Each structure stands twice: as structure tokens, then as C-alpha cells.
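Data first, discussion second: the structure below is written as C-alpha cells.
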Amino acid sequence: MSFRIIPSRNINALRQLHPNRNRLAPCATLFTATLLTAKSLLEAPTSKLYPGHVPISPLQRGILAVGSAFTALANPLRGDMVAALGETTGGMFLERIRDQMLLDPEGRRILRERPVITSETMQLDKLRELPDGTFGREYVRFLDDQQVSPDTREPVHFVDSEELAYVMQRYRETHDFYHTLTGLPVTVDGEIALKWFEMVQTGLPMTMLSSFFGPLRLSHEERKRLFDIYVPWALENGSNSKLLMNVRWEEWFEKPVEQVQRELGVQPCPQV
Amino acid sequence: MSTRLLSHTTARARITLLANAKKHHNHRLVPALSCSRFLSTHATPDSSETEPYDVVIVGGGIAGSALACALASGKATGTQKIALIEAFDLSNHINWKPRADQYSNRVSSLTPKSVAFLKRIGVWSELDSSRIAACNGMQVWDGVSGARITFDAAHSNDRSTFLQQVFADAPQSPSSEQGSDQQSPLAWMTENLHVQYGLQKQMLAHKNRGVQLDIFEKTKVQGISANVSSSSPQESSSTDISEWPVITLDNGKKLQTRLLVGADGVNSPVRSFAKIESLGWDYSQFGLVATLEVDHSTSTALDQGKGVAWQRFLPTGPIAMLPLNNGYASLVWSTTPKIAQDLKKLPAQDFCALVNAAFHASPADLEYLCRNIGPDGQPQVDFQKEIEWRASVQELESHAVARQSKDAKPPKVTAVQENTRAPFPLRMRNSNSYVEDRVVLVGDAAHTVHPLAGQGLNQGLADVECLARVIEQSLLSGSDIGNIHSLTPYSSERFLPNLAMLGTVDKLSKLYNTDFGPVVWARSLGLTAVDNMGPIKTEIMRFAMGLEDVPSSAARR
Ligand SMILES: Cc1cc2nc3c(=O)[nH]c(=O)nc-3n(C[C@H](O)[C@H](O)[C@H](O)COP(=O)(O)OP(=O)(O)OC[C@H]3O[C@@H](n4cnc5c(N)ncnc54)[C@H](O)[C@@H]3O)c2cc1C
């Protein structure tokens, strides 16, 4: 349920209730409008939009957002809660990213073809055979080092639009490429730096929340590194580079990492 | 106040005036010598001589022509000597021979108030009713959020006013019970040329029955000055003819007038002459107009959307489709100057696809398509395919969420009439005052408004109606019609309503010229709230229909 739905649904709901609403005194109408707003808060979409979709009402959404924010803060390892937080608060921002994708030929192609990133579609074994220094080779090296696979991502549950759910999924699936591209480590401060970078690029509130609250959990050293080095880098590169959601990563594997960085306008993050 | 100069040149005029003067005993009539001079000048027109008039109207657009007709049809004003000066060839209007399968691209909505006025001055009956489309409904929605407001003729006919609904016990006006003639239209759509044709016909009819109306067409005003190189010094009084403005035409002719009317459009030379400042700005927008053919069977609105006006607010400006008869419609698409130029060049088929998309597709999709019009005017991507793909995605979502399915769909555009696509710059401008001594402004010369509410012309007609009435009253009371005091009632009646309209429309245009989240959200809630409040909606419609000053029970007469 995003903001855009509320008004038009109210119109229709009101029409059904009061076909003869012109006769109503304005105060009564106002009252009904308020009631209906409350009613629409409790209304969930009628059917499942995609496998894994959990339709929820705006009220539930609010509760879930607040709850997951606290849980995520207390325990950043609860990946499901971090994900739920992003999904429940992201409607408007997902739309913005989708619109940014619609304005770009590559972004449109991604939305049309909806490529998915799994260990199967990525053919990781083939990537391992690429020469050192190519984007694909460095990407598998990263996965191997971290002992993660593209298949370990949390699926999307709470986004009430089939297309936006895909955008969210794509956003998650491409996260590992960002590490390869920027050279940021998988440490708490490295992740937070990446969130800052994404926030500048996309304005997703999940990244916004974690970029503001995340630092609370850092040691003095980590915090210093974050604000002296990472954040300035993120602010500069996040705004200068091409929107990474419009990158068809799967087609860049053969290119050297430096070339990919140059073409996308991203400078590698200073190593510490 | 005791001496007055007469410029009336016919015996009939003198009689009328004498009669009036007798009626108002406080006025002493002084037959001025100059009258004979006026007569002789008139009798032997000589390009080097200055010819005197009571009223000179600069600009033969709809406002100027309507004023000429209104004055000519007035009891007292009909005796005045009037000139109308127009740069263009007005014979185009009188020789207008429209074909049933063609419509001019300049179409305006006329409010009930404007139509009543046109009826009163005998113009409406000159028009061909088959070329006038009644507009019975309006669908206006927000392209970013989808929030929508609908108006239909039934609303405007609500008998009680907003206040009466608030105080439910308030007595209804007695006439509220009368009549069952439901659904008088919200507005009438017709070509500007059509109205011009009717006006021109009436003007000639007035001339034929002896009204002194001189029409100078294909003639430009070259200069206007305040002082004449007058050889015959007049007695110095406040009504000294030498203080009357002199209008020099590009054929060398000079006219001198008691009252100069600027009906000369947004760049009004008369306004500059009178040194009246005007404030405003150019929207960096153009309005692209075109005549469209539509397929009504594709509309989900009542009666297949016949007689419905559609307007969708996009971040680049509103797009509006106004109903015409027989499956035609008129387009006004306000957008950036670049897109307007590109739209003009686009092949007809792609243009229609884009217009359809502009009423359905997301603003982002639309922007993408508009960006993909090449410098040669050819689409750089397959418009049809892109649009179909996005429509299928939207379809899927709207089915699942059961949203927006009840919103009526406009009819599909199937063709665009050749050579009707034309961009017009959009502006907002308001003169700091509408009157000066011997000068008055009407229509676009006084105020120019964004066309999103279709009010510009209607405001101009309201000006004209008011001015003709004020001049008539001055004549009846024996006042000098050019004197600023005689003109003040006009400006006090028209200035504020026009300013209110300009301000409202300007705010609306700015409010909708963004896709910034919080603004979109707030305006959508507002629009939805208004849509759900019958009484407020009724008031808005009455304002838009030019009925705000009419008690609602009388509104439909
Ligand atoms: C795209 C668009 C859509 C619109 N849609 C609507 C609508 O739906 N409803 C509505 O009410 N309004 C609408 N309007 C506004 C409406 O068209 C104008 O308000 C109206 O035409 C103004 O009439 P006017 O007679 O005041 O001025 P104009 O029509 O501008 O007439 C001025 C005349 O003065 C003449 N002139 C100027 N200078 C000189 C000179 N020096 N010497 C001699 N002659 C001179 C010009 O040739 C011209 O004929 C729209 C406007 C636009 C741009």
C-alpha cells in the first residue's frame, strides 16, 4: 500500500456508501471521510500479487515498520527485519527508483526482461575461469571470500505491487556487485558506507534509517573511519555516478573492474 | 461638471441626449460648436485630417468584436460613433465556410454566462448549432497520484447553496421548486472562428441598419499620442478635445477618440500607450493545440464520454481534451517548449499514440517517450510497443488491487487532423489597472491567464458585458464616457474577480507542476476531499461557469 492508492480508493468507497452524497451536510461528509480514511487503513489488497506476497493493511504496515526498526537496531543480524523495514517504508521511494529506471533505456530493459540473479543464472563456475581483474572474476572472488551465494537473499513479502516487488528484489540481488565495484569491505562500517552511497543515489528510507542509526553501534575507530573517509567518498560518488539500478551487471563481467568503474563514474573507495 | 462636449453626429443621437438631459435636470446641455467640425470631417474623409470618434476599439479579436456588437446593440451606446481597428483580414471570418469533417484548432469553452451574453447581443443565433458541442461533464485528475475530481451538469444544478446546506434549516429560495429541466450543460465548446463569424455578421447587420460603426481591417495601429497638433484651439476644460488620444493607423489615417478601448491582446499597444504597468510571467510552457478524431466506443464514461471534457495534470503541465460533435475533440496540451515543438513534428500515428499515453501512462513513461523524439521529429523507439508493454503492466496491477478500475476512461484518439497542430506560448499577466483617463482595457489586454481552466475568453466577454453596461449608464446620465470617473465602475467590478481567477489558476498550475512527493500527496488528499463534498464542488463549478454572482436558483435560466 503506497500513498498513491489512498485517495482513489476513498473516492470509490465513498461512492458506494453514499450515492446521494450531494445532499449530505458538509460536516457529515467530513466525518464520513475521516471514517473512511480509518477504514482504508484497515483494508489490505484483495489478492496476492506475486509468490511470497503478504498483503497487509496500512495500519499493520505502520506497526511492522516501527517494530522492525527497533528489532533491526537491536540486532542488525536479523536480516528479515532489516528487509521488512525496507519494504514497509519504501513504497514511495521504490516508485521513484522504478520511475528512474523507466527513464533509462537500460533500466527499461531490466524492467521488461526482469533478469534474476541466482547462482544458476550467474554460472559462477564460468566466472571463475575469467582472467583476474575482470569484473566477473572479482565478483566470484568476493562471493567465495565471504562464503556467500546469490541465493541467500531474503525474498520480498510486503510490497503491494508486482513490479515494485521486482525492483526491490533486484535492488537486493545486485548488492554484492556494489562491493565489487566500490571495493568496500563487508564490515559494519563498510556496509554503512555503502548505505550512504545508496541513499544518495536512490533515497531509499531503509538505507536512510540505517545510515543515520547505524553509527550508534560503531566503535570509536570505526566511527572515525566512517566519517573521515567513507562518508565523504559516498556523498561524492553517490551523486556523480550513473544510477546503479540501471546497470545490467550480468553483461559487464568480461570488462576489467577499472573500466567498469570509469564507465559508471565511480572511484574506488580509499582502502584503509 | 456643467459643460459637456457632444460628439453625437446624428439627429437621433441629439434627441436621445436631450431627452436624457431633461430627465436629469441637474445636467445642462451645451451644444458645442465642435460638433459641426466633427460632421464635416466625417463627410470628407481625408487621410491628413483627424477623424473624431466616441469610441475607438483597437483589436478585432473576440473581445473587441463583442464590444463593438454590444455597443451597437445598446440603446444609447448604439448612437455613438464607433471604430474598430484590426490588423488581420476580418473577411476571413465572414467568409468562413466550415466543412462538417473539419474543425479549427482554436476552440474555447464558453460558460453559461458568456452564452447568455452572446444571446443578448444577437450573436448566438447567428451560429450553427451543429458546430457547438455541449459539455455535460468534466473529469480532472492528477497524473502523478491518480486522485480525481469529477463534475457533471447535475452538480451545478444543485438548488441550494453551500451556506444553505451548512444551515440545513435555511429556507430554500422560492424558485428552487420550479422546473424540471435537468442538466443544463456546464459549458459549450465551439471554435473561436465560429464566434468571430457570428460577431462579424452582427457587426455588419448593425452597420446596415445605420449604426455608425467603422471597421478598419488589415490596418495596424502605428502610434497613439495624447496631443493633437490641433490648429483650432479648444476652450481649455477637463473635456478638452485636444486631450483626447489620437490613433495613427499604418495607412496614414488619424482617429481621435473620446474613449480608447484596448482589446488588442496580451502585448496590448494601448496598454503601453497608457503607461499601464502589467505584472506577470511567461510559464516556460507552450500550449499545443490540435483537432483530434476519437473513438467513443472505447470510453468507459457515461454516454461513451460524449460531451465530457478530460484533463490530466502532468508534471510538465495539464493535457486537456475538449469534446466537439461527431467524434471530434480539441486538444490543448500544455508542456515544455521543447516537447511542444517535438510533438508538432511527430508523425501523425505516433502523435496519437502519445496523446493516448498522456491520458493513461505514468509520467515517467511519458517523459521517456517524449525524450525519444529525434531532432528530425521521428520516434527513436517503437512508441506503440513501449506503450503496450507499460499498459499491460498497469493492467496487471490494477486488476490485482482492484484499483482505479472505476475511473472513467477517455475515448481513444484515432487521428489528428492535418495542419492543426500548433504551439502557443502560455503566459500570466495582469494590468495594474484597467482604466486611465480616456483609456480602458478589456480581454487579454487587461489580463492573460493559463488556459488550464478555459477561462481567458470568458473573462474577456464578462469585461465586455460590464464595460458596455457602464458606458450605457454614463450616456444615460449624461456623463463623459471617457472620463476616468465614468470608467471606474467598470474596473471596480472586473478587477478583483479577474485577479482572483488569475491567482487561482496560477496557483493550480504551480501546484500541479511538480511530482514532489509531499506536494502530490497533499494535493491529492485535497482533490479527493473536494470531490467528496458536493456543496463545495457546486460552488467551485459555479465560479468556473461564471455564475458565482447569480443566486443558484436563478443560475439555470
Ligand atoms: C492554447 C489556448 C487555449 C485556450 N482555451 C481557452 C478556453 O477554452 N476558454 C477560454 O475562455 N479561453 C481560452 N483561451 C484564452 C482565449 O483564447 C483568449 O483569452 C482570447 O482569445 C483573448 O481574446 P482577446 O480578444 O482579448 O484578444 P486576442 O484574441 O489576442 O485579440 C487581439 C486582437 O488585437 C489585434 N491587434 C493587436 N495589436 C494590434 C495593432 N497594433 N493594430 C491592430 N490590431 C492589433 C490582433 O490582431 C488580435 O486580433 C485559450 C488560450 C490559449 C493560448
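The values are calculated or read from the model by the stated rules, or taken from the named source; none is laboratory data. Predicted, not measured: the structure shown is a model, and the values here were computed from it. Heads up, the Cβs are rebuilt from the backbone with ideal geometry, glycines too, and the neighbour counts pull from every protein chain shown. Ligands, DNA and RNA are stripped out before the accessible areas are found, and what is left, the full protein with its side chains, is counted by its heavy atoms. Shrake-Rupley method; radii C 1.70, N 1.55, O 1.52, S 1.80 Å.
At 25 °C and 0.890 mPa s, what whole-number value in µm²/s does Stokes-Einstein give for the translational diffusion of segment B:278-401, with Rh from the Kirkwood sum over Cα pairs? It comes out at roughly 158 µm²/s.
Quick check on segment B:260-300: what are the equivalent-ellipsoid semi-axes from the Cα gyration tensor, as sqrt(5λ), descending, whole Å? Can you show the working numbers first?
Numbers: eigenvalues 309, 39, 14 Å².
Working from the Cα gyration tensor, I get semi-axes of 39, 14, 8 Å.
Compute the FRET efficiency between B:ASN95 and B:LYS345 as 1/(1 + (r/R0)^6), taking r as their Cβ-Cβ distance and R0 = 25 Å, and round to the nearest 0.05. E between B:ASN95 and B:LYS345, to the nearest 0.05, is 0.20. Separation of segment B:234-307 from segment A:105-182 is 62 Å, based on Cα centroids.
Here the spin labels are modelled as points 7 Å beyond Cα on the Cα-Cβ line, and at B:ALA500 and B:LYS385 they lie 5.5 nm apart. For the residues A:HIS175, B:HIS485, B:HIS194, a 1.4 Å probe over the protein chains yields an accessible-area ranking, largest first, of B:HIS485, A:HIS175, B:HIS194.
For a straight C-alpha distance cut-off of 18 angstrom, the lysines reachable from B:LYS220 (same-chain residues fewer than eight places away being disregarded) are B:LYS253, B:LYS254. The solvent-accessible area of A:LYS126, taken with every protein chain present and a 1.4 Å probe, is close to 130 Å². Both radii come from the Cα set of segment B:440-533: Rg as radius of gyration, Rh as Kirkwood radius; their ratio Rg/Rh reads 1.18.
Residues A:ARG172, A:ARG114 ordered from highest to lowest accessible area at a 1.4 Å probe: A:ARG114, A:ARG172.
The value for segment A:227-270 of Rg(Cα) / (2.2 N^0.38 Å) is 1.23.
Split the accessible area of segment B:327-480 by element, probe 1.4 Å, and carbon with sulfur accounts for 51%.
Relative intensity of segment B:390-474 on a log10 scale, I(q)/I(0) at q = 0.16, 0.23 Å⁻¹, equals -0.83, -1.12, per a Debye sum over C-alpha point scatterers of equal strength in the absence of solvent. Computed over segment B:294-344, the alpha-carbon pair-distance distribution with 5 angstrom bins reads 5, 19, 24, 20, 15, 12, 4, 0, each value a whole percent. Extent along the principal axes, Cα only, for segment B:252-331: 58, 31, 21 Å, with the longest axis given first.
The aspartates and glutamates within cross-link reach of B:LYS97, meaning a Cα-to-Cα straight distance under 18 Å and a gap of 8 or more places when in the same chain, are B:ASP89, B:GLU126, B:ASP128, B:GLU191, B:GLU418.
Leaving out ligands, DNA and RNA, calculate the buried accessible area for the pair B and A with a 1.4 Å probe, summed over both sides, in Å² to the nearest 100.
Details: alone 25090 and 14290 Å², together 35990 Å².
The summed interface area works out to 3400 Å².
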